[in-house]
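*Asks:* Supplied in structure tokens, the structure appears directly below.
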Amino acid sequence: MNMGISIDKVDDGLPISVIIPLSSNRRKFFNNFVLPLIEANNPNEIIINDNLGSAPKKRNDGFNKSTQPYVFFCDDDILLPSNYLEILYNELKSYELKSDAIYGFAYTSYDGIVLHPETHPMHGNFSINAFPFDGERLKKGNYISTMSLIKRENFPMFDENLKRFQDWDIYLNMYINKQIKGVFIKDTRFYAYYLDSGITTGNKYQQESYNRIKRKYNL
């Protein structure tokens, strides 16, 4: 099967590029369940990167092909409500207009659906409840998912040297280096399906990546 970066555009869609780092072993689940819900959200651009490489590299390469003023990085095992992107977009736009602070991204909570509880540290389905943005709290640990809507001009690129916590790194980067804050949307969420035993289901690289981020931002 050919690998590469595919781009599908809709002229009247929301001004959002959805960027997906696709894994070959999740292609069927993605095509049957994930992609139809992304399409239902009506973004202007859907970019699927199934080249070889790490997820951060696939996301960065996809970003470099994108054109829209807002970007949404979506994993290949995520199920979105059909109006998810519109809710995030409208809320972020409203904060941009009514506040002197710089708001560069919008995020929500999510529910995890675990298909192999024996290999996952939560040992079953779980909920991750995020919080209203607090920069000092963010310095202590991440509470913002990769699946957030980000204003293009604020996106700092994923650190491809990190094995874990790449999402925490980009939000720390935006806040510490540019004082960019996030908008928390309480009353909506997405669903993350843990289909297999991947890097996020265990402790591999966790301490190494945590220490690297601590040093990077002098935390």
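Every number in this text was worked out from the coordinates using simple rules, so none of it is lab data. All of these numbers come straight from a predicted model, not from anything done at the bench. Heads up, the Cβs are rebuilt from the backbone with ideal geometry, glycines too, and the neighbour counts pull from every protein chain shown.
*Asks:* Classify the range 18-82 from the C-alpha gyration tensor, please: rounded if a/c falls under 1.5, else prolate or oblate depending on whether a/b exceeds b/c.
*Replies:* Oblate, because a/c is 1.5 or more while a/b does not exceed b/c.
*Asks:* How large is ³J(HN,Hα) for each residue in the range 142-156, as worked out from phi by the Karplus curve 6.51 cos²θ - 1.76 cosθ + 1.60 (θ = phi - 60°), to whole Hz, x for Gly and Pro?
*Replies:* Computed from phi, the couplings for the range 142-156 are 8, 9, 10, 6, 4, 7, 10, 7, 10, 5, 3, 5, 9, 6, x Hz.
*Asks:* Another question, then. Amide H neighbours of SER109 under 5 Å, at least 5 residues apart or on other chains, H built in the peptide plane: list them.
*Replies:* ALA130, THR188
*Asks:* Over the range 41-141, what is the relative contact order in percent, taking alpha-carbon pairs closer than 8 angstrom and at least six residues apart?
*Replies:* For the range 41-141, the relative contact order is 17 percent.
*Asks:* Hey, what did the range 5-216 get for relative contact order, percent, Cα under 8 Å, at least 6 apart?
*Replies:* Working: 395 pairs, mean separation 50.1, N = 212.
Computed over the range 5-216, the figure is 24 percent.
*Asks:* Have a look at GLY112, ALA101, LEU52 and report the one farthest towards the positive end of the charge dipole of the range 1-144, computed about the Cα centre with Cβ charges (Lys/Arg +1, Asp/Glu -1).
*Replies:* LEU52
*Asks:* Please report, in debye to the nearest 20, how large the charge dipole of the range 52-172 is about its Cα centre when each Lys and Arg carries +1 at its beta carbon and each Asp and Glu carries -1 there.
*Replies:* Details: 13 positive and 17 negative charges, 50 e Å.
Dipole about the Cα centre, nearest 20: 240 debye.
*Asks:* While we're looking at this one, here's another question. Quick check for me: using +1 on Lys/Arg Cβ and -1 on Asp/Glu Cβ, what's the dipole size of the chain about its Cα centre, in debye to the nearest 20?
*Replies:* Around 780 debye, computed over the chain.
*Asks:* How many angstrom lie between the C-alpha centres of the range 79-153 and the range 1-78?
*Replies:* Answer, in whole Å: 18.
*Asks:* Follow-up. If all Cα-Cα distances of the chain are sorted into 5 Å bins from 0 onward, what percent lands in each bin, rounded to whole numbers?
*Replies:* The percentages, shortest bin first, are 1, 7, 15, 19, 22, 19, 12, 5, 1, 0.
*Asks:* Follow-up. In terms of Cα to Cα distance under 27 Å, which lysines are near enough to LYS163, apart from those fewer than 8 places away along the same chain?
*Replies:* Reachable lysines: LYS28, LYS57, LYS58, LYS65, LYS139, LYS140, LYS151, LYS178, LYS181, LYS204, LYS214, LYS216.
*Asks:* For ILE113, ILE144, which order do you get if you count the other beta carbons within 10 Å of each Cβ and list the fewest first?
*Replies:* Numbers: ILE113 14, ILE144 21.
With the sparsest Cβ surroundings first, the list reads ILE113, ILE144.
*Asks:* Subtracting the Cα-Cα distance from 0.36 nm times the residue separation, let me have the gained length for ASN51 to MET157 in nm, one decimal.
*Replies:* 36.4 nm
*Asks:* Also: Sorting ARG215, ARG152 on the 10 Å Cβ count, fewest up front, what's the list?
*Replies:* ARG215, ARG152
*Asks:* Can I ask one more? To the nearest 0.05, what FRET efficiency results for GLN207 and ILE128 with a Förster distance of 22 Å applied to their C-beta separation? Numbers along the way, then the final one.
*Replies:* Working: r = 21 Å, r/R0 = 0.94.
Taking R0 as 22 Å, the efficiency between GLN207 and ILE128 is 0.60.
*Asks:* Got a sec? How would PHE105, PHE155 order by Cβ neighbour count within 10 Å, fewest to most?
*Replies:* So the ranking, lowest neighbour count to highest, is PHE155, PHE105.
*Asks:* Determine the relative contact order of the range 121-170: mean sequence separation of Cα pairs under 8 Å and six or more apart, normalised by residue count, in whole percent.
*Replies:* So the answer I get is 32 percent.
*Asks:* Quick one: if the Förster radius is 25 Å, what FRET efficiency do ASN31 and LYS9 give, using the C-beta to C-beta distance and rounding to 0.05?
*Replies:* FRET efficiency, ASN31 to LYS9: 0.85.
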